[in-house]
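The values are calculated or read from the model by the stated rules, or taken from the named source; none is laboratory data. Everything quoted here is computed from the prediction, not taken from an experiment. Here the Cβ is made from the backbone with ideal geometry for all residues, glycine too, and neighbour counts use every protein chain on show. SASA here: full protein model, heavy atoms, side chains in, ligands and nucleic acids out. Shrake-Rupley method; radii C 1.70, N 1.55, O 1.52, S 1.80 Å.
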Amino acid sequence: IIVLVVEMSVTITGISTRKLVTKDFATEPRDEKLCKAGHLMAQKLARSLALVTYREPLKSNLGGHLRFSLQMISEQVLAILMQDNVDVACAVIEKAAIKRAVTGVDESFAASYEACCRYHE
């Protein structure tokens, strides 16, 4: 489930970032600004998409696994364990989504960098 969520987030992030940033920075003479804007947008969007997509399913799956593994556990302790572990898992998944999204943005902007340079020549 985690791999699918990261892939979906990265795909949507890449498409959205490429279209919006290349449109907004089409006449920008410095490709560093295009790159920086793409990275910032990809990071924020990947984090948000991944979070809203996987947090609740992860929480319910984790709860089920903990309940099954630790059968004699109170609901209060279970809630604390779930919250602590969901936060850690969310941080790891967000980091993976961000890293993949930034790499994808760099790859998809290669043509835009060239077009930007040709426009200013």
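Observations, loosely collected:
- A91 surrounded by 15 or more Cβ atoms within 10 Å (Cβ to Cβ) and either at pLDDT 85 or above or aromatic (F, W, Y) (or both): no
- Selection from segment 60-78 of residues that are under 22 Å from E94 (Cα atoms) and open to solvent by less than 60 Å² (accessible area, probe 1.4 Å): L62, G63
- Test: residue in segment 49-56 that is modelled with pLDDT under 85, surrounded by fewer than 19 Cβ atoms within 10 Å (Cβ to Cβ) and among the basic types (K, R): yes
- With respect to the conditions (1) surrounded by 12 or more Cβ atoms within 10 Å (Cβ to Cβ); (2) modelled with pLDDT under 85; (3) more than 17 Å from K23 (Cα to Cα), E121 falls short on a single one, namely (1).
- Checklist (1) surrounded by 11 or more Cβ atoms within 10 Å (Cβ to Cβ); (2) modelled with pLDDT of 85 or more; (3) over 27 Å from V5 (Cβ atoms) applied to C116, failing item: (2)
- Residue satisfying all of: in segment 3-27; assigned to a loop (DSSP other than H, G, I, E, B) and open to solvent by less than 80 Å² (accessible area, probe 1.4 Å); farthest from A50 (Cα to Cα) among these: A26
- Test: K44 is modelled with pLDDT of 80 or more, within 16 Å of the chain's Cα centre (by Cα), open to solvent by 80 Å² or more (accessible area, probe 1.4 Å) and among the charged types (D, E, K, R): yes
- Segment 26-38 residues that are under 17 Å from G14 (Cα atoms), paired with ones that are surrounded by fewer than 17 Cβ atoms within 10 Å (Cβ to Cβ) and charged (D, E, K, R) (beta carbon under 8 Å, 6 or more apart): L34/E28; C35/D106; A37/D24; G38/D106
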